[in-house]
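Data block below; observations after.
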Amino acid sequence: MLTKQEQLKYSRQIMLDKIGEQGQSQLRNAKVLILGVGGLGNPVSLYLAAAGIGTLYIADGDTIELSNLPRQIQFNEQDINKNKSDIAAEKLNAQFPDSNIEAIDEMLDQELCDYYFPQVDLVLDCSDNINTRYLINQSCVSHNVPLVIGAATGFDGQQLVVDSRDKNSACYHCLFPSSEKAPTTNCQTLGILGPVLAIVAGMQALQAIKLLTNNEAQINQLNLFDGLSNQWQQFKMKKQKSCSVCGEKGST
Ligand SMILES: [Zn+2]
């Protein structure tokens, strides 16, 4: 049951048939892990905390740099050289006292995945490098935790949901089976604009809310955004039986 205060605060969300009081309670009871508090993790964590997610774990081992500030909108010049997850958690806790926000100020590794993934309802990949992306994908598949992936470079964004609770769901490894084919470029080599990240992050937050409230989130659909032509393209994906992560030969 929601308190009177919660009913008022979240009334515009509760008003939506597909959310309702039940959906809002699901958001309040949810535990969500955001991996990376950079250009995507900044807006994603703000929107999810604002929507009333009860527990957010936010993980990032990096420190804040001057060149982050044009897109990592929770941070300011006083925060430079401090850990991203520590600063974001401090600010989010102050702004959203109803939510419990915990910082994980370490670089992601297998051990950390194996510790946190079984405790959470959903993982958001807001990381910026391909090795981390593969590790998160593989760990989400092996722990059966739904995953919302976002990425952006230059004017281009991509977004994908992997939900291994559904046996037909393709994974990131189905899409890019070997690291040579996956995009190795990142914001440091290609540049990036804040609003492109905001668009992808908004879509990630929306997919997360749908997954947590039993609404359909689109699996097997790769969404690509081109910020120059202002167009989204959707590509159908298929689970690959030969996938070494989620397929028949996979570890699960
Ligand atoms: Zn796969």
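Coordinate-derived values only; no laboratory data. Everything quoted here is computed from the prediction, not taken from an experiment. Here the Cβ is made from the backbone with ideal geometry for all residues, glycine too, and neighbour counts use every protein chain on show.
List of remarks:
- Each principal axis of the Cα cloud of the stretch 25-66 was evaluated for its coordinate range; sorted largest first, these ranges are 38, 15, 10 Å.
- Only one residue of G41, F155, Q13 has its Cα farthest out toward the positive end of the dipole of the chain, where Lys and Arg carry +1 and Asp and Glu -1 on Cβ, and that residue is Q13.
- Taking the fewest neighbouring Cβ atoms within 10 Å as the starting point, the ordered list for L46, L66, L190 is L66, L190, L46.
- Remark: the stretch 122-137, residue by residue, has Karplus-estimated 3J(HN,Hα) of 6, 10, 10, 8, 10, 7, 10, 9, 5, 5, 5, 4, 5, 4, 5, 4 Hz, where x stands for each Gly or Pro and the curve is 6.51 cos²θ - 1.76 cosθ + 1.60 at θ = phi - 60°.
- Counting every other Cβ atom within 10 Å of each residue's Cβ, E106, E6, E111 order from fewest to most as E111, E106, E6.
- Isotropically averaged projected area of the chain, using the convex hull of Cα atoms (one quarter of hull area), nm²: 13.3 nm²
- Over the chain: helical MRE at 222 nm, DSSP H runs n ≥ 4 each giving -39500 (n - 2.57), nearest 500: -10000 deg cm²/dmol
- Classified by the C-alpha gyration tensor, the stretch 74-132 has an oblate form. Its axis ratio a/c, with a ≥ b ≥ c, is 1.5 or above, and a/b does not exceed b/c.
- Cβ-based net charge around E216, under 12 Å, with every Lys or Arg adding one and every Asp or Glu removing one: 0
- Reciprocal mean inverse distance between Cα atoms of the stretch 121-228 - Kirkwood radius, Å: 14.0 Å
- Ascending count of other beta-carbon atoms within 10 Å, so fewest first, for H173, H143: H143, H173
- Taking Lys and Arg as +1 and Asp and Glu as -1, the other residues whose beta-carbon sits under 12 Å from that of T3 total 0.
- Taking Cβ atoms as reference points and 10 Å as the exclusive limit, the residues near A151 contribute a net charge of -2, counting Lys and Arg as +1 and Asp and Glu as -1.
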